[in-house]
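The values are calculated or read from the model by the stated rules, or taken from the named source; none is laboratory data. Note that the structure is a prediction, hence the values are computed from the model and not measured. Here the Cβ positions follow ideal geometry from the backbone for every residue, glycine too, while neighbour counts run over all protein chains shown.
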Amino acid sequence: MQKYSIFSLMKNAFSNHEKWDLAWKDPLPKKEYDVVIIGGGGHGLATAYYLAKEHNIRNVAIIEKGWIGGGNVGRNTTIIRSNYMHDDNALFSEFGMDLWRRMSQDLNYNVMFSPRGIINLAHSDAQMNVYARRGNSMRLNGIDAVLLNREQVKEIIPMADFSENVRFPIFGGLMQPSAGTARHDAVAWGYARQADSMGVDIIQNCEVTGFDVKGGKIKGVRTSRGDIKVKKIGLCVAGSTNVLAEKLNMRLPIETHLLQACVSEPVKPVLDSVVTFGAGHFYISQSDKGEMVMGGDLDGYNSYAQRGNLPTLQHVLTEGIAMMPFLSKLKMLRTWGGIMDMSMDGSPIIDKTHIEGLYLNCGWCYGGFKATPASGWTFAHTIAQDRVHELNAGYNLNRFNTGQLLDEKGLGTKTWIS
Amino acid sequence: MLYIKCPHCGWRSQNEFSYGGDATVKRPELGKEVSDKEWDDFVYNRKSLRGKHWELWQHLSGCRQWIKVERDTATHEIFKTLKASEEIS
């Protein structure tokens, strides 16, 4: 594989950048693989990369119905954080933060990781208390957390509404300075390029039509481009999890819902951290191009549409304008939607299943992008070793049966309002 | 924007309704021994398929009645609405 560097860039400048190698190949599916990963999104590509890199399993195929990186890894708001209270979430995410910090070097691909900090705003004394508690829990798990008062918040985000008599005054906030953003497409492409270079077959435009299961064991997968013999399958399909689970006669604690995001026209630098509104559900950051990147609530009913509905967008942006009034002057550049695998307790599932050789990675709700490296790393371990790693032990499927839910927000099973 | 035909009030905009999830989920019968699996299926497990989906909505800013709606989860086309008491055929 061609290494990307200042020297290769200069060398290729002489040929007008027309002689670069393809970043990954377009192979025909083979008849048999050691492992097949279904879903060529961030998590699937990362899983294949870590299978090859950490476990030396290279006879691997990634099967993708559309094109790689065309789902949620290309549709998110690129926020990376580990500001969780519960140990299972905190330790998993903080492990991921380490992988994020090294990712550009590991992948030889600039993922533009920008640790600009995230601030969750608080709008009451009670909320400050809750944030203090969460911040303390984070620090006990070795994650940086700073409780900011109103004046400190004002210094960092002066354009927020600090006027008197507002409905939701800013009391302060909880900041994780090491959180940030990254270039989401580069994450998918970087993992794809490295996985491909280690022998992984990336097979696009290939739809899974069924599974070959005999005696409770995976024997193969049927696809629109032929049958493939395989003993281990990793399912990494986010919002399409239930569609494939149906083909396996499995019912899962997952519902598929639509989440929208949008960007404004580009403006000069005005916001250098990620900010979330504490009295509703709205988050914002500014991209390197100057666009304000915004998102919030789900559309509120089961959906596979991959495009949003106006009432939710209006509601979300109303919150944004309450928090930062200058947003009302901006024009909207683009809006889009992605379909989320919303789990019943708000936490993901990375686990084995009752079918031998079938491994499940789903339930990422709002937080799939930031989990990409840690999810790929632990899922690769779970598949290669046929047992969960301690980092994803809390993300077991059985918790819904035993009642040991991982309910970070404590909102219950109404996925469309959590 | 969805337009939902409330069986009590007629066509109304989505803004007047709130969502209540899968309408085919049934609580295990009272007074009978219920297995863990039955509880799981009632409380957590959902089909949530692409295509036709029977779901509950409440006409919150209207008659406040719960209704059943058959909607396509990919196209949002609404095929049929029923009163909460009416059985899905």
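Scanning region A:390-418 for residues being without any contact (Cβ under 8 Å) to a residue 12 or more places away in the chain and among the polar types (S, T, N, Q) gives a total of 3. All of A:Asp144, A:Asp106 fail the test of being part of a loop (DSSP other than H, G, I, E, B) and surrounded by fewer than 19 Cβ atoms within 10 Å (Cβ to Cβ), apart from A:Asp144. Quick one: is A:Lys219 within 21 Å of A:Asp351 (Cα to Cα) and within 14 Å of chain B (Cβ to nearest Cβ)? Criteria not met by A:Lys219.
Looking only at residues in region B:57-76 that are within 11 Å of another protein chain (Cβ to nearest Cβ) and farther than 18 Å from A:Met342 by Cα, the one that is surrounded by the fewest Cβ atoms within 10 Å (Cβ to Cβ) is B:Thr75. Scanning region A:277-311 for residues that are farther than 20 Å from A:Gly71 by Cα and of a type in the set (Lys, Arg) gives a single hit, A:Lys289. When we screen A:Ile339, A:Ile355 for residues that are buried (at least 16 other Cβ atoms within 10 Å of the Cβ) and farther than 30 Å from A:Glu94 by Cα, the only hit is A:Ile355. Applying the condition of being assigned to a loop (DSSP other than H, G, I, E, B) and within 12 Å of chain B (Cβ to nearest Cβ) to region A:391-406 and asking which residue is nearest to the chain's Cα centre (by Cα) yields A:Leu397.
Against the criterion of being at pLDDT 95 or above and closer than 19 Å to A:Gly239 by Cβ, A:Gly363 qualifies. Under the condition of being closer than 13 Å to A:Val200 by Cα and aromatic (Phe, Trp, Tyr), which residue from region A:8-60 is farthest from the chain's Cα centre (by Cα)? It comes out as A:Tyr33.
Of all residues in region A:197-217, which are of a type outside the set (D, E, K, R) and under 22 Å from A:Tyr49 (Cα atoms)? If the condition is that a residue be of a type outside the set (D, E, K, R) and under 22 Å from A:Tyr49 (Cα atoms), then A:Ser197, A:Met198, A:Gly199, A:Val200, A:Ile202, A:Ile203, A:Gln204, A:Asn205, A:Cys206, A:Val208 are the ones that fit.
Note on region A:169-237: no enclosed strands (runs of 3 or more DSSP E) hold 1 or more residues that are at pLDDT below 95 and at positive phi. From the list A:Ser124, A:Ser82, pick out the single residue that is buried (at least 20 other Cβ atoms within 10 Å of the Cβ) and either in contact with a Leu (Cβ under 7 Å, 6 or more places away or on another chain) or small (Gly, Ala, Ser) (or both). Exactly one of A:Ser124, A:Ser82 is buried (at least 20 other Cβ atoms within 10 Å of the Cβ) and either in contact with a Leu (Cβ under 7 Å, 6 or more places away or on another chain) or small (Gly, Ala, Ser) (or both), namely A:Ser82. In region A:349-370, how many residues are in contact (Cβ under 8 Å) with a residue 60 or more places away in the chain, in a loop (DSSP other than H, G, I, E, B), closer than 27 Å to A:Met103 by Cα and of a type in the set (A, V, I, L, M, F, W, C)? The total comes to 2.
In this structure, B:Lys5 does not qualify as over 22 Å from A:Ser343 (Cβ atoms), surrounded by fewer than 16 Cβ atoms within 10 Å (Cβ to Cβ), within 12 Å of another protein chain (Cβ to nearest Cβ) and in contact (Cβ under 8 Å) with a residue 12 or more places away in the chain. The one condition from (1) exposed (fewer than 14 other Cβ atoms within 10 Å of the Cβ); (2) outside any loop (DSSP other than H, G, I, E, B) that A:Lys3 does not meet is (2).
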